[in-house]
Amino acid sequence: MFDIDLTSAAMEVKRLKARIVALQVPEGLKKRSYQFASELENKAGAEVLVVAEPCFGACDVPSSLFDMVDAIVQIGHSPIPSLKFPKPLIFVPARSKVPLADQLKKSVGMIQEPVGVLATSQHLTELDEVIEGLESMGLKVRVGEGDSRISHAGEVLGCNYTAAMSVSKEVNSYLLIGSGTFHALGVHLATGKKVVVLDPNLEEPREIDQIKDKILRQRHAVIERAEKARVFGIVVGEKVGQRRLRRARELRRLVRWKKKDAALILMDKFEPEKLKYLGFDAYVSTACPRIAIDDVALFEKPLLTPQELEILLGVRKWENYTFDQMTEDEL
Ligand code: SF4
């Protein structure tokens, strides 16, 4: 489904004179790791170490790699410009081979112009084709610039919707290219506007009403389960792109102000088992915002996002529920 061209990455490895290179492959492409590793070794003349740990984004680089390798090649994600790493990171885009023209035509009756066009990192290469398609049908299109965590106009991350928010006053709906519904729901909650998804894995464009109701019900239930909690564990991610110590401290102050207590917890790889034995009544994640939502069923104790903690403590209304975001001023 994706074309991966390692030629430019190999040239960059050569230019850097890197001798040992770590290769991070996203989960959906992991089965092709051998193919990528041998191609990179042949073209770049460097030794390649395939990283078996999952890699969910440009933020997701294990700290241990920086002592072991000269450079890191990451497939399928785009850079987060505001992040600085101790070793060079080389990004290889994944180009989807699935044509979207049919879905695009079907989506026209579902959107209201002006329409904001967005794509997840894995589908940025289809953005221009969709914009041209809409414009050729006479529709008014807007593409928003994000903050400095965003490398490409129109790009959304699961932790950052600033490219959508920057044009929210100018558009009546959004068209988002991406698989799944997480990003679309995040955009909808951040802007209040309708979002239609062009998912290359599907044949029809889709709206997110059903999944929205399901996820909001789940999140409401998690907040209710945490209501009796007296002591919260506030988790800070160790990964360079997910370290929000300042945000975690603010949340701890808020908890104490509300006459409960909290401690800060440091965690690299987020695993339910690690939290199980720590003995807190409930947890709050300031690391990747997707963890609390996507892995809801895996955590024995309630795991809240920062905004959900604010709702629980009465400083935010449920009507103002949004997904958590990591913006440029937080990291
Ligand atoms: S924090 Fe999560 S959503 Fe944001 S880039 Fe990293 S993996 Fe993706």
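Here is how the numbers come out for the structure above:
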quantity: Tally of residues being surrounded by fewer than 20 Cβ atoms within 10 Å (Cβ to Cβ) and within 16 Å of the ligand (Cβ to nearest atom) across region 79-88; calculated: 6
quantity: Residue satisfying condition, being outside the structural domain of Lys169 (by TED's automatic domain parsing) and within 15 Å of the ligand (Cβ to nearest atom), within set Gly45, Gly57; calculated: Gly57
quantity: Pick from region 132-154, criterion closer than 28 Å to Ala292 by Cβ and in contact (Cβ under 8 Å) with a residue 40 or more places away in the chain, ranking: surrounded by the fewest Cβ atoms within 10 Å (Cβ to Cβ); calculated: Ser148
quantity: Residues of region 89-119 classified as modelled with pLDDT of 95 or more and within 15 Å of the ligand (Cβ to nearest atom), total; calculated: 4
quantity: Sole residue being buried (at least 18 other Cβ atoms within 10 Å of the Cβ), more than 16 Å from the ligand (Cβ to nearest atom) and modelled with pLDDT of 95 or more, chosen from Val231, Val197; calculated: Val197
quantity: Some residue of region 86-93 being within 17 Å of Gly241 (Cβ to Cβ) and among the charged types (D, E, K, R); calculated: yes
quantity: Given (1) of a type outside the set (Phe, Trp, Tyr); (2) modelled with pLDDT of 95 or more; (3) out of contact with any Cys (no Cβ under 7 Å at 6 or more places or on another chain), number of the condition Met1 does not satisfy; calculated: (2)
quantity: Residue check for Leu157: assigned by TED's automatic domain parsing to the domain that holds Pro114, more than 16 Å from the ligand (Cβ to nearest atom) and buried (at least 24 other Cβ atoms within 10 Å of the Cβ); calculated: no
quantity: Options Ala287, Ala292; residue that is assigned by TED's automatic domain parsing to the domain that holds Gly237, under 15 Å from Ile223 (Cα atoms) and either within 20 Å of the chain's Cα centre (by Cα) or part of a helix (DSSP H, G or I) (or both); calculated: Ala292
quantity: Members of region 299-330 found to be surrounded by 15 or more Cβ atoms within 10 Å (Cβ to Cβ), outside any loop (DSSP other than H, G, I, E, B), touching a residue at least 24 places away in the same chain (Cβ under 8 Å) and not aliphatic (A, V, I, L, M), listed by number; calculated: Pro306, Glu308, Glu310
quantity: The listed residue being surrounded by 15 or more Cβ atoms within 10 Å (Cβ to Cβ), more than 13 Å from the ligand (Cβ to nearest atom), assigned to a strand (DSSP E or B) and among the small types (Gly, Ala, Ser), out of Ala248, Ala262; calculated: Ala262
quantity: Residues within region 166-180 that are within 16 Å of the ligand (Cβ to nearest atom), more than 19 Å from Val108 (Cα to Cα) and surrounded by 20 or more Cβ atoms within 10 Å (Cβ to Cβ), tallied; calculated: 0
quantity: Among the candidates Ala71, Ala46, residue that is in contact with a Pro (Cβ under 8 Å, 6 or more places away or on another chain) and in contact (Cβ under 8 Å) with a residue 12 or more places away in the chain; calculated: Ala71
quantity: Filter result (away from the ligand (no atom under 16 Å from the Cβ) and of a type in the set (Gly, Ala, Ser)) within region 272-320; calculated: Gly279, Ala282, Ala297, Gly314
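For (1) buried (at least 21 other Cβ atoms within 10 Å of the Cβ); (2) of a type in the set (Asp, Glu), each residue gets a yes or a no:
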{"site": "Phe2", "(1), (2)": "no, no"}
{"site": "Ser8", "(1), (2)": "no, no"}
{"site": "Met11", "(1), (2)": "no, no"}
{"site": "Glu39", "(1), (2)": "no, yes"}
{"site": "Cys55", "(1), (2)": "yes, no"}
{"site": "Asp70", "(1), (2)": "no, yes"}
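Yes/no matrix, rows are residues, columns are (1) in contact (Cβ under 8 Å) with a residue 24 or more places away in the chain; (2) out of contact with any Phe, Trp or Tyr (no Cβ under 7 Å at 6 or more places or on another chain); (3) buried (at least 19 other Cβ atoms within 10 Å of the Cβ):
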site	(1), (2), (3)
Lys214	no, yes, no
Arg217	no, yes, no
Glu224	no, yes, no
Val236	yes, yes, yes
Gln242	yes, yes, yes
Arg256	no, yes, no
Pro272	yes, no, no
Val284	yes, no, yes
Ala297	no, yes, no
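The values are calculated or read from the model by the stated rules, or taken from the named source; none is laboratory data. Just so it is clear, the model here is predicted, and its values are computed rather than measured. Quick reminder, even Gly has a Cβ in these numbers, built from the backbone with ideal geometry, and neighbours come from all protein chains shown.
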